[in-house]
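Here is the structure we will look at, set down as structure tokens.
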Amino acid sequence: MCEKVEYITLSYCWGGDVSSKTTKSNLNHRYKSIEWSTLPQTIQDAITITRELGCRYIWIDALCIVQDDSVDWAREATTMSQVYENCILTISATKFETSISGFLQPRTSNFYILWTQIVEDYCRRSLTFSRDKLIAIAGIAERYQAKVKDRYIAGLWDYNLLGWLMWERGRPGSGIHGFGHRFEEYQAPSWSWASFNG
């Protein structure tokens, strides 16, 4: 029986051709390595988040599908929905028009949009390290705290803090695992989303 592997996926707009896509000519080389400098900013940002969350794998269509191989494309296309369904989190960067835009740049509004998406998807998933939610996400917060010039507070941000405090736990049928419940042992302040499992 194959061991289940936890991985993250990226949903994004190509916005034209992706220069670093996997093709028949570079496939063998890519089994060994992919040069960081050749990756567009959006893909670099997604890999950065994946590393900060302590996850080893990320699925990105431009890299994981051989783009000029019709057989590979047809095979992968039939499993696309399962790829996204079985991941532990999907990074959604679809609001940005091209793969070279990036989404972790010091643009305050973009960062907060992304942060909300990460937290919502993160909370809906049944993660093996769910009790360490704040620890896993703290790496991202620390990395970009200086760029957005804001204060990070237990999963929330000082910018529009009253708005952040209006979060609510999942309602029946609203998430993958329905209701959330508060951890019996202290994990985070009661006013933080991280105090709930779900």
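Being among the hydrophobic types (A, V, I, L, M, F, W, C), touching a residue at least 24 places away in the same chain (Cβ under 8 Å) and not in a loop (DSSP other than H, G, I, E, B) narrows it down to one residue among I91, I47; which is it? Walk me through it before giving the result.
Details: I47 fails: touching a residue at least 24 places away in the same chain (Cβ under 8 Å).
Of the residues listed, the single one that is among the hydrophobic types (A, V, I, L, M, F, W, C), touching a residue at least 24 places away in the same chain (Cβ under 8 Å) and not in a loop (DSSP other than H, G, I, E, B) is I91.
Inspect region 112-127 for any residue being in a loop (DSSP other than H, G, I, E, B), on the phi < 0 side of the Ramachandran plot, of a type in the set (F, W, Y) and at pLDDT below 75 and give the result as yes or no. Break it down stepwise before answering.
Taking region 112-127 and keeping what is in a loop (DSSP other than H, G, I, E, B), we get 125-127.
Going one step further and asking which of them are on the phi < 0 side of the Ramachandran plot, we end up with 125-127.
Filter again for of a type in the set (F, W, Y), leaving none.
The answer is no; no qualifying residue exists.
How many residues does region 33-51 hold that are among the acidic types (D, E) and surrounded by 16 or more Cβ atoms within 10 Å (Cβ to Cβ)? Spell out the reasoning first.
First pass over region 33-51, keeping only residues among the acidic types (D, E): 35, 45.
Within this subset, residues satisfying the condition of being surrounded by 16 or more Cβ atoms within 10 Å (Cβ to Cβ) are 45.
Counting residues in region 33-51 that are among the acidic types (D, E) and surrounded by 16 or more Cβ atoms within 10 Å (Cβ to Cβ) gives 1.
Give the residue that is nearest to the chain's Cα centre (by Cα), with candidates limited to residues of region 16-61 that are among the small types (G, A, S) and closer than 30 Å to Q145 by Cβ.
So in region 16-61, the residues among the small types (G, A, S) come out as 16, 19-20, 25, 33, 37, 46, 54.
From what's left, closer than 30 Å to Q145 by Cβ: 20, 37, 46, 54.
Values: S20: 20, S37: 21, A46: 7, G54: 11 Å.
Only one residue fits best here, namely A46.
The values are calculated or read from the model by the stated rules, or taken from the named source; none is laboratory data. Since the structure is predicted, the reported quantities are computational estimates derived from the model, not experimental observations. Every residue, glycine as well, gets a Cβ built from its backbone with ideal geometry; the counts of neighbours run over all protein chains shown.
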